[in-house]
Each structure stands twice: as C-alpha cells, then as structure tokens.
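The values are calculated or read from the model by the stated rules, or taken from the named source; none is laboratory data. On a predicted model such as this, the values are computed, not experimentally measured, just so you know. In this analysis, Cβ positions are derived from the backbone assuming ideal geometry, glycine residues included, and neighbour counts consider all displayed protein chains. For accessibility, only protein heavy atoms count, side chains too; no ligands or nucleic acids. Shrake-Rupley method; radii C 1.70, N 1.55, O 1.52, S 1.80 Å.
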Amino acid sequence: IKSDKIFSGEVIYKLEGPGVDQEPKNLFEIDDKTGVIRSKRPLDREQYSSFTLKAFALSPSGERLENPTTIEIVVLDQNDNKPVFTQKQFFGSVSEFSVPGTLVMSVLATDADDPMTENAALGFSIVGQDSIPPNAVNKAMFGINNQTGAIYTRDVGLDREVVKEFKLKLRVADMWGDGLHSDAVAIISVSDINNHAPQFRPASYSIKALENSYNIEIGRVSVTDRDDPGTGNWEAKYTISNDPYGNFAIQTDPVTNQGIMTVVKPLDYEVKREHNLILTVENVNPLSSKAPNLPLSSAAVLVAVVNENEAPYFKENPIRIEVPENEEPGKLLKSNIASDPDHSELRFQISKDPEGWLDIDRDTGNIFLRRSLNMKSPHVKNNIYSAVIKVTDAGGVSASATVNIILEETNDFPPQVRPLSSFLCTGDSRATPGLLMTAVDEDRPPHAAPFSFLITDSLSLNWTVNKVNDTHTVLSPTVDLEAGEYAVTVWVTDSGSPSQSALTQVNVTVCHCDSYGDCRSESGAFLASSVGISFIALIIIIACGALLLGKCHAE
C-alpha cells in the first residue's frame, strides 16, 4: 500500500485487525517503510476464508496523515480435503422382484473445500458388489446417481430365496469424481414378499380322538412355505370345513407353523364314529400379485372317535317327587329315572334313606313308597324329605342323585273346641255374660285356622256364638238363664280342602256370682263387673294377641 498524498517528511505504514494484532495473530505483517504486506505462514481456507484489515499512514510522531484504508484479504481454496461419507456403513432394503429403477436408499458425503469450486463438487459411484450367499448373482443389480448418491435397482431378478443380502462398495470423489476420494459400504437386504402360498405336506391325515374329551390336542398337520420364516408371509392360517356342529378347532404353532387340531365340543361315539374334515391353509398376509394364481392348498383329515365307558346319568338331579303326606305305602312314585349312553345294563340302589320310607327296583330304578310318611319327622325340613340313590353300569361306573320328596299337607284331623266346660255368672245386669272359646287342630296351615263355629243342636237354641277372630268365638246365652248345668253342642269347621268338622258338647255351669266373682271361671269364662275384666276389654286383649301372633308367624 502507498499513500497518494505528498508529504515532506517520512511516512510510516501500520496494519491492524484479525491476523495481525487480533486473533488469529501473526498471520500477516507490513513493511512500515514500503507498505508491502506479506503472509508470515501458510493459511487454511477451511479455518479462515477471509480477513478484513485496516492500514494507516502515520508521521514519525504517530499523527495520522490521512484516513485509514480497509483491506480485504481472501484466501483462495486449494483441493486439500478429500470428501468423506457421513457413515462408514449404510443400511437399506428392497423388496424382492422390484422393477429396475426402484429407489433403495440414498447415501451422503461432505467435503471441507470451497463448495463454490470443483474442489467440493462430488461424484458417487459403485466400485464393488458382493452377495450373500457369495457368487449367487454375477450381474450388477444396483446403480447410483453420480450427483445425488441415490441407489436404485438396475436389473430384474431380485429373489430372496436366491440372495438375501448385497454388500456394495461405494466411492465418492471431488472434482466431479476425478479428484480425491474415500470409500464406504452399503448393505442392502432383500425383503420378502408373499410370493409363495403354503402347501400341505402330506395332503391327508388320520387322527384318533377319545369321546367326551375336549380342549386337548388330538393331532397336527404340516405345511411348507418358501417365504421368510417368522413373518406374516410365512405364517399359516388354517380353516376347517365339513364340521357342522363346530366340534373341532385348529390353531397355528408359531414356531413350527404346524396346525394344532383340538376338540372343542365333546364327541359321542354312539352318535358318530368318524368325522371327515377338510382343511384349507393360507398366509396371514395376503398373497402378492406376483405369486402364481393357484387355489388354496387343502388336506383331508379323518378323525376316528374312540369309544369309552361313559357313566350312566340321571335324567334329572335332584329328582323331585310331590307326595301327599297320607299316601298309602306301595305307591309308585317315580319311574324311568336314568339312562346309559353305552346302553349298558344298569343296577339301582338306595344309598341314603334315614326314615326308610323308600324302596327301589334294582333293575328298573322305579321308586316306591315303602312306609307311611310323617310330616313331623326330624328329617323333614320345610316339607322336604331327602334321600340319595345310586346307579351303576355293567362296567362299574356309577352316578348318584338326590331324591327330594315334597310332602303335601293334607287335612287329616278335625278341629276340637276348647274349653269343654266352664262357668258363667248370672244376675248381673251391667253386661252380657259370655264364654270365650277356641279350637285346636293337629293339621298345619292351610288346613287349620280360620275356624267357623255354629250352634246346630235344637236343644241349644238359647245359645249363640259371636266371632272374635279367626281362632276364637264367644258362646253367649240369648235369654236369661236360671242357675244350673247346660250342655251346649257346638259345630266347628276348619279351612282345609276338603274341610273337617266336629260336634263338641260344651258343659256350661250358670251360677250367681257374689261381689268377689267367685263363680268366674279361670279356664276362660268371663263377666263384665267392677271386680272382673270387662267384656270389651277382653275382646281388645284377644285381638291384640292375635295381631302379635300374626306378626310372629309372618316373621
């Protein structure tokens, strides 16, 4: 540099900026007398591509003689860096039977030289091809775009069953492929397509299956498939036909690809001894359009049912029998109670009969009433008596069943009036005397209460009965009676079906009562007086008692 101004004195030149007195320092220097700028050491464009400096013209005293000048130093690129792939190995895949021109993958490389020059202009190429297994293919199966690094198929014939993998040696060079270079490897897997349908080997099978057994394996069928094992292109999917009742199922073994046949509904030797099944097979994945157009492979399977001695069975269990409690011994209660699938001869016996009420025919199984029933037996719970019977076939296989005898309540006993004798007071005008009566019945509901009371004897016309509730009535004279003994005939009827009735003579002593009520009977007679309980109060007490009894019965 040189100042274009004329000075009478000496001019000193000075340089400042990055590469001089700023980092990176000591790359440049200037001759302070001549103004010549020199580089002090080699420069690296990839590190610093340019430098901006300022030059000054100074007097010996340091005074600026003119404004500073900006100097731009540009480092020119030299091809001192070879291109480098971004990876040592690249991985890709391509489907077998892909057409030429199918994109497989792209590779990348970088060059540290100036991208605006040919020093960084890259060119890609394939310089080697190996196959696995070795030497399976002799022609170049792949090409690469010289500028983009895109790898594509260039020929037909990719078959995974022949070649599973290719190993390509790649090269990238600058100067459009003619300069510095480096290498890398591309590993390309040939992926499987479903171009092979599974085939049964063999095409017919014979299998045995035990009757009455299910959810167990009965046999296996095998197929071959040349597609990639462990994939959906290889995995078999089986179908069963000619199985109208759905007795069989088949599943695929994920390891061997075999079809595992099972019985899902029990077979019956006596109904059908052989089953002729048809199996078809296909892959989990749909078959490729490049596969041969063939029907699904099929196989015939003959399943022979193996007979076993099946246990006899009761047609109902528990066996329910309804019997009136007063049924006569010898009555046939139940017949045709059991059967045997093998049509074997059966033998019957009673295993449990705590009261000994039942009898059974050893050969036919007919159940008879042996003894009279008793509702009050401790073995009768809620009107049900339980026994157990057993049946055994000729092979010694047996079965048991519970027999529930439901005893039906019958109206066996007529009701009886209580009390049979009592006292009534006379001569007291404050209330009408009366005798509280009830009835007892050995039967259970609904053959007992409510009771109806009636005066039917013509000799008892001076008496009447008045209902209190379902179980009680009041016997009262209809006229004033003289003191003495009276026999009153009362007709009482229960609510059974059919009903039972009874005539009962009630002996009533009519007497005069003193102020202490000495004639008031402790067995049920009553009279309204100042000393005794009033008639109305007694009726209320009886009604309340009946209400409480009704609630307890309901609970």
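Projecting the alpha carbon convex hull of the range 24-183 along each direction and taking the average yields 12.9 nm². Based on the Stokes-Einstein relation at 10 °C and a viscosity of 1.306 mPa s, and on the Kirkwood radius from alpha carbon pairs, the range 36-96 is assigned a translational diffusion coefficient of 95 µm²/s. Please name whichever of Val137, Thr148, Ile126 sits farthest to the positive end of the charge dipole of the range 86-162, dipole taken about the Cα centre and charges placed at Cβ: Lys and Arg +1, Asp and Glu -1. So the residue we want is Val137. Over all other residues within a Cβ to Cβ distance under 12 Å of Val284, the charged ones net out to -3, with Lys and Arg as +1 and Asp and Glu as -1.
Heavy atoms only, probe 1.4 Å: what % of the accessible area of the range 329-424 goes to carbon and sulfur, would you let me know?
46 percent
For the range 310-360, GluC sites (Glu not before Pro) meeting the loop criterion (DSSP other than H, G, I, E, B) and having at most 13 other Cβ atoms within 10 Å: Glu316, Glu345. Projecting the Cα atoms of Leu58, Gly259, Val506 onto the dipole axis of the chain, where Lys and Arg carry +1 and Asp and Glu carry -1 at the beta carbon, places Leu58 farthest toward the positive end. Between Val388 and Ser204, the FRET efficiency estimated from the beta carbon spacing at R0 = 45 angstrom works out to 0.30.
The range 141-193 and the range 309-341 have Cα centres spaced 87 Å apart. Expressed as a whole number of Å, what is the distance separating the alpha-carbon centroids of the range 236-258 and the range 34-76? Here the answer is 88 Å between Cα centres.
With Rh defined as the Kirkwood radius, the inverse of the mean 1/r over Cα pairs, the Rg/Rh of the range 89-247 is 1.28. Under the criterion of Cα pairs below 8 Å and six or more residues apart, the relative contact order for the range 1-145 equals 17 percent. Label zone (Asp178, point 7 Å along Cα-to-C-beta; backbone nitrogen cut-off 18 Å) within the range 117-134: 117-125. Here is the P(r) of the range 214-297: all C-alpha pair distances, binned every 5 Å from 0, give 3, 13, 23, 22, 15, 11, 8, 4, 2, 0, 0 in whole percents. Working note: 222 nm ellipticity from helices only, DSSP H runs with n ≥ 4, each -39,500 (n - 2.57), summed and divided by the residues of the chain, gives -1500 deg cm²/dmol to the nearest 500. Measure nothing fancy, just the Cα-based angle from helix 535-554's long axis to the longest principal axis of the chain, in degrees from 0 to 90, nearest 10. For 535-554 against the chain, the angle is about 40 degrees. For the range 284-432, a crude dipole built from +1 on the beta carbon of Lys and Arg and -1 on the beta carbon of Asp and Glu, taken about the Cα centre, is about 480 debye to the nearest 20. Which one of Asn79, Ile350, Val284 has its Cα pushed farthest toward the positive end of the charge dipole of the chain, where Lys and Arg give +1 and Asp and Glu give -1 at the Cβ? It is Asn79. Taking all Cα pairs closer than 8 Å and separated by 6 or more residues, the relative contact order of the range 65-192 comes to 35 percent.
So which chymotrypsin sites (Phe, Trp or Tyr not before Pro) in the range 213-313 end up in coil per DSSP with only 10 or fewer other C-beta atoms within 10 Å?
In loop regions of the range 213-313 (DSSP not H, G, I, E or B), the sparsely surrounded chymotrypsin sites (Phe, Trp or Tyr not before Pro) are Tyr245.
Extending 7 Å from the Cα toward the beta-carbon at both Thr110 and Arg154 defines two label points whose distance is 2.9 nm. The equivalent ellipsoid of the range 394-496 has semi-axes of 48, 12, 10 Å, largest first, where each one is the square root of 5 times an eigenvalue of the Cα gyration tensor. Cross-link pairs exceeding 20 Å between alpha carbons, from the set Lys33/Lys54; Lys208/Lys315; Lys315/Lys381: Lys208/Lys315; Lys315/Lys381.
At 1.567 mPa s and 4 °C, plugging the Kirkwood radius over alpha-carbon pairs of the range 177-331 into Stokes-Einstein gives what diffusion coefficient in µm²/s? Answer from the Stokes-Einstein relation: 65 µm²/s.
With an 8 Å Cα cut-off and a minimum separation of 6 or more residues, compute the relative contact order for the range 224-325 in percent.
It comes to 26 percent, rounded to a whole number.
Over all directions, the projected convex hull of the C-alpha atoms in the range 1-44 averages 3.5 nm² in area. Checking every one of the chymotrypsin sites (Phe, Trp or Tyr not before Pro) in the range 6-69 against DSSP loop status and a limit of 12 other Cβ atoms within 10 Å picks out Phe7.
Distances over 29 Å make up what percent of all Cα-Cα pairs in the chain? For the chain, the fraction of Cα-Cα distances above 29 Å is 79 percent. Near Glu63: Cβ cut-off under 14 Å, other residues only, Lys/Arg at +1 and Asp/Glu at -1. The net charge is +1. Computed about the Cα centre, the dipole magnitude for the range 9-97 is approximately 180 debye when only Lys and Arg (+1) and Asp and Glu (-1) carry charge, each at its Cβ.
The Cα trace of the range 89-150 gives Rg and Dmax of 14.6, 44 Å, the first to one decimal, the second as a whole number.
Annotation for the range 82-99 versus the range 471-517: alpha-carbon center distance of 121 Å. Partner lysines whose Cα lies under 25 Å from the Cα of Lys167, excluding those fewer than 8 positions away in the same chain, are identified as Lys82, Lys88, Lys139.
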